[in-house]
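The values are calculated or read from the model by the stated rules, or taken from the named source; none is laboratory data. Small disclaimer: the values here were computed from a predicted structure and weren't measured. Here the Cβ positions follow ideal geometry from the backbone for every residue, glycine too, while neighbour counts run over all protein chains shown. Remember, those area values only see protein heavy atoms, side chains included, never the ligands or the DNA or RNA. Shrake-Rupley method; radii C 1.70, N 1.55, O 1.52, S 1.80 Å.
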Amino acid sequence: MQICIVGTGTNVGKTLFSSLVMAKYAISYNISYWKPIQTGSDDDTATVLQLSGLDQSHTYPNLYHFALPASPHFAAEQEQSGVGIGLLQEKILQQEQKNLLIEWAGGLMVPLNRQTLSLDLLAELQIPVILVVSSELGTINHSLLSLEALQSRKVPIIGYYFIGPDSELTSDNIRTIAEFSGEEFLGHFVVSGALPVPLGTGITKRFDTTSQISRLFSA
């Protein structure tokens, strides 16, 4: 199954979520990871490899990598370049990997160029998405706005996944988002400090304890 990993914004945990999936299931289900667009000095593909302990055979190289840590449209412009939506769509649709995680850049309303938002392309592709959200204060607003945007464009939604610390608000946040959106809660990976590199089985056993993620690849 091909899945797009999207988020309510930047640095909400998309790469950690992808790393957890890859660390726990990549070998069993022959999953590959791909981040088509990367901006800034960060290298999320390298991070996924480091955290998962996998080698490069489980990843595809970026289609675009711009130096400025900014929205793809602006980062590209600083290099007198641009994101070709036709090329990007073609490359995504050409992927023959049966089980593939595609990590999206930024949030849903991030411009890929001056004409196209990320959400526009997601609506065209119709690849099912998992929305990764922060578990911290403000998540109800950010999550419901993102889920409503996906729903309004008829993007297939698998569900939403929490990344971050646990608190007295967490259980009600989960319930509230589910009740108002009608979407499925897929789990919560609690982050309370630095994680080991690679993650190891002691960490990954805390991920997807109800097998809601693994069933996507085992069907």
Exercise. Restricting attention to the range 81-137, and to residues there that are part of a loop (DSSP other than H, G, I, E, B), open to solvent by 50 Å² or more (accessible area, probe 1.4 Å) and among the aliphatic types (A, V, I, L, M), which single residue is farthest from THR39 (Cα to Cα)?
Worked result: LEU137
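Just to check your reading of the model, which residue among ILE158, ILE140, ILE213 is of a type in the set (A, V, I, L, M), within 19 Å of the chain's Cα centre (by Cα), on the phi < 0 side of the Ramachandran plot and surrounded by 20 or more Cβ atoms within 10 Å (Cβ to Cβ)? Steps first, please.
On the way: ILE158 fails: surrounded by 20 or more Cβ atoms within 10 Å (Cβ to Cβ); ILE140 fails: surrounded by 20 or more Cβ atoms within 10 Å (Cβ to Cβ).
Result: ILE213 is the single residue among ILE158, ILE140, ILE213 that is of a type in the set (A, V, I, L, M), within 19 Å of the chain's Cα centre (by Cα), on the phi < 0 side of the Ramachandran plot and surrounded by 20 or more Cβ atoms within 10 Å (Cβ to Cβ).
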Exercise. Looking at the range 187-201, which of its residues are assigned to a loop (DSSP other than H, G, I, E, B) and either open to solvent by less than 70 Å² (accessible area, probe 1.4 Å) or closer than 17 Å to VAL48 by Cα (or both)?
Worked result: VAL191, GLY193, ALA194, LEU195, PRO196, VAL197, PRO198, LEU199, GLY200
Exercise. Got a number for residues in the range 25-69 being in contact (Cβ under 8 Å) with a residue 60 or more places away in the chain and in contact with a strand residue (DSSP E or B) (Cβ under 9 Å, 6 or more places away or on another chain)?
Worked result: 13
For this session: Determine which single condition GLN56 fails, assuming it passes every other condition in (1) more than 16 Å from the chain's Cα centre (by Cα); (2) surrounded by 17 or more Cβ atoms within 10 Å (Cβ to Cβ); (3) within 23 Å of PHE17 (Cβ to Cβ).
Result: (2)
Problem set entry | Search result, residues across the range 9-58 that are at pLDDT below 95 and β-branched (Val, Ile, Thr) | THR10, VAL12
